[in-house]
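These notes are about the structure you will find just below.
Readers should treat all values here as calculations from the given coordinates under stated rules, not as data from a laboratory. What you are looking at is a predicted structure, and each value in this text was computed from that prediction instead of being measured. Neighbour counts run over all protein chains shown; Cβ positions are idealised from the backbone, glycine included.
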């Protein structure tokens with residue numbers, strides 16, 4: 001299959017999904033670009049099912065390495081560390097909506113690997129990783145009942161905003177916070193992730 005690219009303007013910025021150029025040995029590989037943030041999502045699928053297990057072996061890995069922000073790890077340990085809390089939560093965010101879209105009897109091992117290749121310090125790559133993972137699964141031989149899309153909805157100055165950038169995020173007192181997240185290692189982003197649940201939005205509007 002040759003190189004295929006699809007584009008769509010979302011939130012005033014162009015999002016593109018590209019396949020057929022990177023990671024050709026994977027069963028599915030999609031490069032997602034949004035602004036200057038780039039994420040590579042790849043999928044590998046086992047050709048046979050494991051008859052000795054009674055669960056669906058779905059493995060998700062998401063990494064925000066420092067090179068994505070143009071940095072090199074320094075100090076005594078000149079290598080990347082363990083996944084941050086934000087990376088672990090992003091892995092769960094990818095797993096939760098994707099897992100129910102497989103048949104309950106499916107036992108083929110599926111591995112999803114997402115790597116942040118570049119970041120512009122404005123567009124969070126976690127949403128791109130979820131969209132890229134779903135697109136990579138859709139073009140793979142996995143029994144995936146997708147695809148699916150993802151977006152972050154913010155509430156800024158009385159208006160709902162699709163995929164708000166980090167500089168446009170409201171001050172901490174303007175909207176409730178999610179205390180379970182932390183600052184990613186790759187950039188100087190705000191430590192808070194805005195609570196965009198219905199309860200959080202209702203609180204922000206009052």
Taking every DSSP bridge whose two residues both lie in the range 16-157, the antiparallel percent to the nearest 5 is 75
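Relative contact order of the range 4-138: what whole-number percent is it, with Cα pairs under 8 angstrom and at least 6 residues apart?
35
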Descending packing, highest mean Cβ count within 10 Å first, for 98-109, 137-148 is 137-148, 98-109
Under 16 Å by backbone N from the virtual spin label 7 Å along Cα-to-Cβ at residue 80, the residues of the range 35-63 are 38-43, 60-63
Taking r as the C-beta separation of residue 54 and residue 145 and R0 as 22 Å, the FRET efficiency to the nearest 0.05 is 0.60
Per the 1/(1 + (r/R0)^6) rule, R0 = 22 Å and r from the Cβ atoms of residue 152 and residue 99, FRET efficiency to 0.05 is 0.60
Kirkwood-based Rg/Rh on the Cα set of the range 4-138 evaluates to 1.00
Residue separation between residue 61 and residue 106 times 0.36 nm, minus their alpha-carbon distance, gives in nm 14.2 nm
